[in-house]
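Undergrad: One structure is given below, represented as structure tokens, and several questions about it will come after.
The values are calculated or read from the model by the stated rules, or taken from the named source; none is laboratory data. Source: prediction; values computed, not measured. Note that each Cβ is placed from the backbone with ideal geometry, even for glycine, and that neighbours are counted across all protein chains shown. These area figures cover heavy atoms from the full protein model, side chains too; ligands, DNA and RNA do not enter into them. Shrake-Rupley method; radii C 1.70, N 1.55, O 1.52, S 1.80 Å.
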Amino acid sequence: MPPRQKKATAGQLELSGATSVKDIEALLWKAADKLRGSMDASQYKDFVLALIFLKYLSDAFEERRRELAEELAAEGLTDEQQLKQFLEDKDEYTRVNVFWVPDAARWDSIAARAKSEGIGKLLDDAMDVLMRENAALIGVLPKIFNRDNVDQKRLSELVDLLSDARFIGDGERRAQDVLGEVYEYFLDNFARAEGKRGGEFYTPRSVVELLVEVLEPYEGKVYDPACGSGGMFVQAGKFVEAHSDMTDGRSKLDLSIYGQELNERTWRLGKMNLAIHGIDGNLAARWGDTFADDKHPDLKADFVLANPPFNIKDWHRVESDPRWKYGVPPKNNANYAWLQHIISKLGERGTAGVVLANGSMSSQTGGEDDIRKAMVDADLVACMVALPSQLFRTTQIPACLWFLSKDKSPQGAQRLEDRRGEILFIDARDMGRMVDRTERELTADDIAKIAGTYHAWRGTKSARDARLTYEDVAGFCASADLEALRENGYALMPGRYVGAAEAEEEAPEVVMKRIKELTDELYDLFGQSDTLAKTVREQLGRIGG
């Protein structure tokens, strides 16, 4: 159902005609941003995303309520009292993973009472009753609306704005899918608005997609020790659903999700993000420091997906920690603490994809070179990918991907290639496209090429089905044995191993054409320069005269 038409008020944009998800996303963002006023992006983010989540809960509830009414009508139930009883049966909602929304928290009820009872109090009360009625939301929803520093007029306008966007599906799509996209869109835009701080809760989508496409988490336990707003888990769920033909009908519900997040506000965002996407994840009962207070101490994961903060200096370091199996990480950099923590969480055949700063591939300070050597000698590193610059809007630090594996053998029935004693190196620094003046993203073709190269090297089922075979490609990929690693001092930069791409020899006529084009362009620039010089002389002459 398209949004109903409503004349725009001050600070709002008209939503009539916005029938697609992308239309709604763009219009909501522009209008909501105008309503921000003096709030900074981080504070405003909490308000807007909580309201979007509340709107989603209400719309999804109403969608289920209509389904129930149709089912009961088809069964011939006409008694109004019985009908009402069925429609207010909490189990009829929760058994299909729809949150129970009491009347006080239903959007239409809030909107109808906003002018007479005060919008801030109504919203805080709604958050409170939702947490009381849904155990999964306890401690998640913020009660931040009925405060002295909140402009109630602007808040009321924002509620009016969201009332014009019905998240009840786009064609055949469910409200959950539509709202999930809108929520991700707002997360992305808030990350842009917050600049460097935005990186604390958001990893660029193309990087997340690459990690997931390489690891292929069809089923099992998925863990992220610095999960932010849960983007890794959401993409893992999308991957399973996109490859349902290869998973015997399994869905994202077959993934067991485990995560931990240090920041309380980001932890709340992650809980809401998973809920919107229908993912029942275990992000622990509260936020916490992964190094100081591991919330999943006994976990052995099949897959780890992580983008931990780069090069953090102030971290909880205990030298006797059993996680430091390959060496105690230095006090002033936690990169190798993250890697060893992740290794400690992998099951017998677990694999991991980790985003880290480029320095992690060759650092020699604080004993990091010895830790890296021990990890390589233990045959834990499967693949290293050098990423292009400007993928991360929140940092200029060049980044790379570490892919770890506890078992590089053929793994019996898996029939994988035996890659024990080898590491695949991929140099993707020239990939990606600029989406604006400062930001780059990996394209779908880039992601497919990198993931396909890894799958061909490892001999996965997806590679066999696609008849992919691996071979070294100068300038792009190379498989190196441990002897080559030792000769290079255990440095893991792909450029050391893939070599340079062979330059293609151009035909003489192509070369001559290019020379002519460049010559013509040069003469044109000479002409422009002469014209400009003449104009400057004339102006100077007038001043002097």
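Undergrad: Rounded, prolate or oblate: which one fits the range 297-345, using the alpha carbon gyration tensor with axes a ≥ b ≥ c (rounded when a/c is under 1.5, else prolate when a/b beats b/c, else oblate)?
TA: oblate
Undergrad: Using only the heavy atoms of the protein chains and a 1.4 Å probe, how would 45, 295, 461 rank by accessible area, largest first?
TA: Sorted by accessible area, descending: 461, 295, 45.
Undergrad: Let me know the shape class of the range 256-412, please: from the alpha-carbon gyration tensor, a ≥ b ≥ c as square roots of the eigenvalues, rounded when a/c is under 1.5, otherwise prolate if a/b is greater than b/c, or oblate.
TA: Rounded shape, in that the Cα axes give a/c under 1.5.
Undergrad: Whole-Hz Karplus ³J(HN,Hα) for the range 296-306, in order, using 6.51 cos²θ - 1.76 cosθ + 1.60 and θ = phi - 60°, x for Gly and Pro?
TA: With coefficients 6.51, -1.76 and 1.60, one gets 10, x, 9, 5, 10, 9, 7, 9, 10, 10, 8 Hz.
Undergrad: Something else about it: When ranked by the protection proxy of mean other Cβ atoms within 10 Å per residue, highest first, what sequence do the peptides 53-59, 88-94 form? Each step should come with its number before you reach the end.
TA: Numbers: 53-59: 23.9, 88-94: 14.3.
Top of the packing list down: 53-59, 88-94.
Undergrad: Using a 1.4 Å probe on the protein heavy atoms only, what accessible surface does residue 490 show? Give it in Å² to the nearest 10.
TA: So the heavy atoms of residue 490 present about 30 Å² to solvent.
Undergrad: In addition: Rank by packing, highest mean first: peptides 315-326, 214-225, with packing defined as the count of other Cβ atoms within 10 Å averaged across residues.
TA: 214-225, 315-326
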